[in-house]
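The values are calculated or read from the model by the stated rules, or taken from the named source; none is laboratory data. Just so it is clear, the model here is predicted, and its values are computed rather than measured. Ideal geometry is used to build each Cβ from the backbone, glycine not excepted, and the neighbour counts take in all protein chains shown.
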Ligand SMILES: [Zn+2]
Ligand SMILES: [Zn+2]
């Protein structure tokens, strides 16, 4: 959705968005829901809100695709690209705000939501917190069945036991 900055009223603008958003970087599998508040502090525009959407991720342990709900809060200041050209340093309390630049007189909320989804993706996606992944030795999917391989940890303990047994004999 395109927002014309001059059309944002002085008292701010509240948006309730449900958008089908596509991305090259991630597969978004449901419409993204967002509640956004825009406030003009010209030439900046502050965007605050929350969003949630479902994305398809690949589990970092078992490599299966699964759907994960991403939800996040954001706090963003839109600054015109002309500010970079002029090299102005605004003393806006922008420490806790992410900066996004806009050109012209419009903001694109789809871009905002897409970026926020990507920023909030897990570093190590897991289909479930107790996903067991693959056996490092035989490659079996340990979520489906055990494979009979002994992990090295078990092996070493086993060896110690065998040694003790031998010493007793
Ligand atoms: Zn998994
Ligand atoms: Zn195995």
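When we screen 111, 130 for residues that are surrounded by 11 or more Cβ atoms within 10 Å (Cβ to Cβ) and either under 18 Å from residue 79 (Cα atoms) or within 16 Å of ligand 1 (Cβ to nearest atom) (or both), the only hit is 111. With respect to residue 96, is the statement that it is out of contact with any helix residue (DSSP H, G or I) (no Cβ under 9 Å at 6 or more places or on another chain), away from ligand 1 (no atom under 16 Å from the Cβ) and modelled with pLDDT under 90 true? In short, yes.
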